[in-house]
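Undergrad: Below are the structure tokens for one structure; questions will follow.
The values are calculated or read from the model by the stated rules, or taken from the named source; none is laboratory data. This structure is a prediction, so every number in the text was calculated from the model and none was measured. In this analysis, Cβ positions are derived from the backbone assuming ideal geometry, glycine residues included, and neighbour counts consider all displayed protein chains.
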Amino acid sequence: MSDDGLQHAALARDVEIAVVGARGLGNGWVLPAGPLREPPSRLDTVDAIVLNTSNEAVVESRTPRFAASSCFGACTQLATGRTALIDELADRIHAEKLKPLSAAGIAAPGRFFAMIRAHDIEGAELELGDHFDFAENPFANRTEDIIFITGKDAVKCRHDPALAGDKRIWVVGLEVKLDSYLIDLIDKRARDAAGRH
């Protein structure tokens, strides 16, 4: 499985799935005039398109489209590996009057923050910038009692003992729900590929 593999034409593939987010195809132009690495017509050559948005109109293609939705799964305390549901942590925040911080070093942090707020967790929000490297500890001088970060950011935090040992940090797990027909398609292609290799 390869993330961003569509742009690597020499990479062998058994199934191609394009994931289109809420921003859709932007202005429909390729770099540097737009956000795309390939023209929108490339979507006509993939096996499936997964729409991570409720707006199917963002993509015009003959390729089968499947909906995906995401929700929070279990949260994991970075320092200990202890798990809890986001709603359990929200209850604790309210009961103990804790100050929460949501921090994200991803392209669209607003979506992450909105999902946190949807669980009745109101607090400070820290946009770290996409691909934030955590070379410096952004939480060293923060006074919040509990810090929520993404799984993508957690991978980078584990390399710094101060971050990895900070019991305030909770990694918010994300669960993606896929259409059962898409799962069947992937399963069939994987079985077909196993027979060829």
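Undergrad: For the condition farther than 18 Å from L126 by Cα, in contact with a helix residue (DSSP H, G or I) (Cβ under 9 Å, 6 or more places away or on another chain) and not small (G, A, S), what is the one hit in L163, L174?
TA: L174
Undergrad: What pairs come up if the first residue lies in the stretch 104-119 and is more than 23 Å from F134 (Cα to Cα), the second is part of a helix (DSSP H, G or I) and among the hydrophobic types (A, V, I, L, M, F, W, C), and their beta carbons are under 7 Å apart, counting only those six or more places apart or on different chains?
TA: H119/I86; H119/A90
Undergrad: Of all residues in the stretch 69-123, which are at pLDDT 95 or above, among the hydrophobic types (A, V, I, L, M, F, W, C), under 30 Å from G26 (Cβ atoms) and touching an Asp or Glu at 6+ places or on another chain (Cβ under 6 Å)?
TA: The answer is F113, and nothing else.
Undergrad: Can you tell me how many residues in the stretch 37-69 are surrounded by fewer than 16 Cβ atoms within 10 Å (Cβ to Cβ), over 22 Å from V176 (Cβ atoms) and of a type outside the set (V, I, T)?
TA: So the answer is 7.
Undergrad: Same structure again: Quick test for you: out of L126, L98, L89, L163, pick the one residue that is on the phi < 0 side of the Ramachandran plot, assigned to a strand (DSSP E or B) and not assigned by TED's automatic domain parsing to the domain that holds L51.
TA: Step by step, each of L126, L98, L89, L163 is checked, and only L126 is on the phi < 0 side of the Ramachandran plot, assigned to a strand (DSSP E or B) and not assigned by TED's automatic domain parsing to the domain that holds L51.
Undergrad: In a strand (DSSP E or B), of a type in the set (K, R) and within 20 Å of the chain's Cα centre (by Cα): which single residue out of K152, K156, K177 fits that description?
TA: Going through K152, K156, K177 in turn, just one is in a strand (DSSP E or B), of a type in the set (K, R) and within 20 Å of the chain's Cα centre (by Cα): K177.
Undergrad: Can I ask one more? Of everything in the stretch 28-53, what is over 11 Å from R65 (Cα atoms) and assigned to a loop (DSSP other than H, G, I, E, B)? Give them in sequence order.
TA: Those that are over 11 Å from R65 (Cα atoms) and assigned to a loop (DSSP other than H, G, I, E, B): G28, W29, L31, P32, A33, G34, P35, R37, E38, P39, T53.
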